[in-house]
Every structure is written in C-alpha cells, then in structure tokens.
Amino acid sequence: MNFPDYRPRRLRKNDILRGMIRETKLSVDDLVCPLFVTHGSGVKTPIASMPGQFQFSIDTLVGEVTKIRDLGIPAILLFGIPETKDEEGSGAWSEDGIIQQAVREIKAQIPDILVITDVCLCEYTSHGHCGVLDDSEVDNDATLELLARTALSHALAGADMVAPSAMMDGQVCAIRDVLDEAGFGDIPIMAYAAKYASCFYGPFRDAAEGAPQFGDRTSYQMDPPNGREAIREIALDVAEGADIIMVKPALPYLDIIRMAKDEFDLPVAAYNVSGEFAMIKAADKLGWLDGKRAMMEALVSIKRAGADIIITYFAQEAAALLR
Ligand code: PBG
C-alpha cells in the first residue's frame with residue numbers, strides 16, 4: 001500500500017502545479033479549419049445543424065480566411081459545393097470549378113495560410129456517391145482516374161496539400177503518380193486512411209449537399225466495429241505514398257487514433273467531424289453542458305489519444321481561447 005506516502009492530490013493543489021505537470025497541451029498550431037465554399041457573391045449562408053458555420057461564396061470566404069489566419073490557425077481544409085452536378089462529378093476537376101477558383105483567390109490574397117483541399121466526388125455527382133457508378137455499384141478503378149484528375153487540378157490551382165477522402169482502394173497511389181508526373185512531387189497527401197461509415201457525418205452532408213441519393217457508403221467506408229482492419233487500411237495508404245494519415249471521425253474512434261500513432265511513424269491527423277461538433281453545440285444550447293469546456297476537453301482528448309493535427313469546426317473558437 002502506497003497510501004499515505006503517495007498522495008496524487010498533492011500535485012493537483014492549484015493551477016500552477018497542475019500546469020507544470022500537464023501532459024498534453026493543445027496549441028493553435030494543431031488546428032485545421034474546414035470551410036465550405038459555394039458559387040455566387042456576398043453569400044454567407046448559415047448551416048442549421050452546425051451553429052457558427054456557413055457556406056461562403058469566394059468573396060466572403062476571403063474575409064473569413066483572413067480572420068482564421070489572424071487567429072494563428074495554420075491551415076484550412078476546403079470543401080466545394082458546385083453550381084451543377086452530373087453523373088461523373090466533372091465539377092470536381094474543372095479548371096474553373098468552385099474549389100479551383102477559391103484556391104486561386106485565397107493563394108493570391110492570403111499567401112500565408114496553408115490551403116488543403118478535400119479530394120472526393122460526392123459533392124459533385126448527381127447521385128451523391130464518392131465515385132462513378134457501374135449499374136448501381138461504385139466502380140472503384142474507374143473512379144481512381146477521376147480522383148487523380150481532381151487532385152491535379154487542385155495542385156494546378158495552387159493547393160498546398162491534397163486530402164483524398166473517397167475511400168477508393170488505390171486512391172493515394174493514383175494521385176501520387178499523377179502529381180509526380182506533372183511536376184508536383186513536393187505536394188503532400190493527407191490521406192483519409194481510416195475513414196468509417198459514420199452517422200456523425202450527418203450535418204456535413206447538409207452543409208456540403210453531398211448526401212447519397214440512394215443507398216449508403218458502407219461498401220467503401222470502414223465498418224465501425226473494426227479496429228484491426230484500420231491497421232491494414234493505413235498500411236496500404238502509407239505504402240502508396242501518404243504523407244499524413246488520418247482517422248475519421250475522432251471522438252468515437254480515439255482507440256484507432258492511438259493505434260495509428262503507435263503503429264506508424266507518420267504524422268497522425270484526426271477529423272473531429274460535423275456530428276461531434278453538432279452534439280456539443282446542441283447540448284450547450286439546451287443548457288445541458290458547458291459548450292466551451294466540452295469543446296476544450298474533446299479537443300485535448302483527441303490530442304492525448306495521439307493526434308498531431310486536429311481538423312475541427314471548433315478551430316476558431318478554440319484558437320481564440322488558446323491565445
Ligand atoms: C467527403 C467527405 C465527408 C466528410 C468529409 N469528406 C462526407 C462523407 O464521407 O459522407 C465528413 C466531414 C464531417 O462530417 O465533418 N467524402
């Protein structure tokens with residue numbers, strides 16, 4: 001028995017002591033802020049299920065990104081909502097697509113923030129799936145070329161990093177090859193490596209208008225009960241040339257974040273997704289918990305689990321508290 005010689009409470013006596021022995025410290029440098037960009041001008045449409053988040057047109061987006069940069073947040077992750085959709089999702093790689101225009105504008109106006117682009121087709125396809133269809137199935141290999149074309153168009157527009165999220169087998173390899181051939185060997189890939197078929201993407205699908213029109217994503221995104229399979233999924237992306245590996249969602253998958261950190265030596269990103277954000281906002285609004293404290297506790301737990309990078313809709317609010 002250690003008691004009464006060892007008393008853990010001794011080091012919890014006051015905030016100075018607690019601060020000295022605090023194991024995990026959240027920093028503004030850890031944060032990436034996701035943003036939704038749409039066509040039009042002067043647009044700043046609130047997203048009902050994500051209080052404080054908006055769809056921006058490019059002109060209003062520039063102001064928002066300036067604010068984000070001024071808070072010291074190092075990077076943004078861009079999602080586009082195209083004006084029209086088609087079977088193939090051609091808006092995803094069009095030279096004057098919404099993302100391509102937004103990236104060019106941001107890089108021209110605010111060169112000192114890192115611009116990461118989501119590479120997927122679901123916001124651009126009329127059926128809302130992350131790849132092209134063969135009958136009613138998502139055709140993996142036919143989709144690879146389109147994802148690679150999309151990533152290349154982002155790089156050509158000036159993106160600093162691409163983040164493929166479609167969960168097609170071989171997508172990292174296909175993108176790496178095309179980027180390298182085109183002279184973009186220095187553009188890193190942040191791979192959505194262990195991405196689960198999660199209900200926590202619900203609010204995002206309203207925000208990005210990319211909900212599947214039939215079926216769901218269970219044939220390409222991971223099955224939530226599977227942990228060991230995440231090691232295989234991540235190992236594949238690493239072998240294909242991923243520079244950063246991502247686990248998504250974050251809070252219901254902290255065990256997977258920890259495993260990714262222990263098993264691999266690449267930086268680990270975690271995506272604190274729309275539903276995780278919405279839950280805290282909803283409970284705060286109802287007065288059921290303290291939203292600010294819940295936010296900070298959730299974010300530090302994601303870092304404690306092993307995340308080096310946290311993609312979160314809380315980025316601006318958290319950064320303001322961390323300054
Ligand atoms: C695109 C994509 C999704 C999210 C990020 N990229 C939606 C999905 O896979 O259905 C979800 C992000 C969030 O919920 O915040 N495939």
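Side notes on the structure shown:
- The mean accessible area for residues of the range 24-322, using a 1.4 Å probe and ignoring ligands and nucleic acids, is 40 Å² per residue.
- Between the listed residues TYR201, GLY287, ILE99, the Cα displaced farthest toward the positive end of the dipole of the chain, a dipole computed from Cβ unit charges relative to the Cα centre, is found at GLY287.
- Charge sum, other residues only, whose C-beta stays under 13 Å from ARG205's C-beta, Lys/Arg counted +1 and Asp/Glu -1: -3
- Sites matching chymotrypsin sites (Phe, Trp or Tyr not before Pro) across the range 184-236 that sit in DSSP coil, with at most 11 neighbouring C-beta atoms within 10 Å: PHE214
- For the options ALA193, ALA166, ALA239, a Gaussian network treatment of the chain with springs between C-alpha atoms closer than 10 Å singles out ALA239 as fluctuating the most.
- Rounded if a/c under 1.5, otherwise prolate or oblate - the range 24-322, Cα gyration tensor axes: rounded
- Checking every one of the chymotrypsin sites (Phe, Trp or Tyr not before Pro) in the range 264-323 against DSSP loop status and a limit of 16 other Cβ atoms within 10 Å picks out TRP288.
- Share of carbon and sulfur in the accessible area of the chain stands at 51%, probe radius 1.4 Å.
- A straight line joining the Cα centroids of the range 240-302 and the range 108-173 runs 23 Å.
- Cα centroid of the range 188-235 to Cα centroid of the range 1-77, whole Å: 23 Å
- Gaussian network model of the chain, Cα within-10 Å springs - most flexible of MET279, MET50, MET167: MET279
- Every helix of 4 or more DSSP H residues in the chain counts as -39500 (n - 2.57), and over all residues that averages to -11500 deg cm²/dmol at 222 nm.
- Checking every one of the trypsin sites (Lys or Arg not before Pro) in the range 1-95 against DSSP loop status and a limit of 12 other Cβ atoms within 10 Å picks out LYS13, ARG22, LYS25.
The values are calculated or read from the model by the stated rules, or taken from the named source; none is laboratory data. In this text the structure is predicted, and so the values were computed from the model without any measurement. Every residue, glycine as well, gets a Cβ built from its backbone with ideal geometry; the counts of neighbours run over all protein chains shown. With ligands, DNA and RNA removed, areas are computed over all heavy atoms of the protein, side chains included. Shrake-Rupley method; radii C 1.70, N 1.55, O 1.52, S 1.80 Å.
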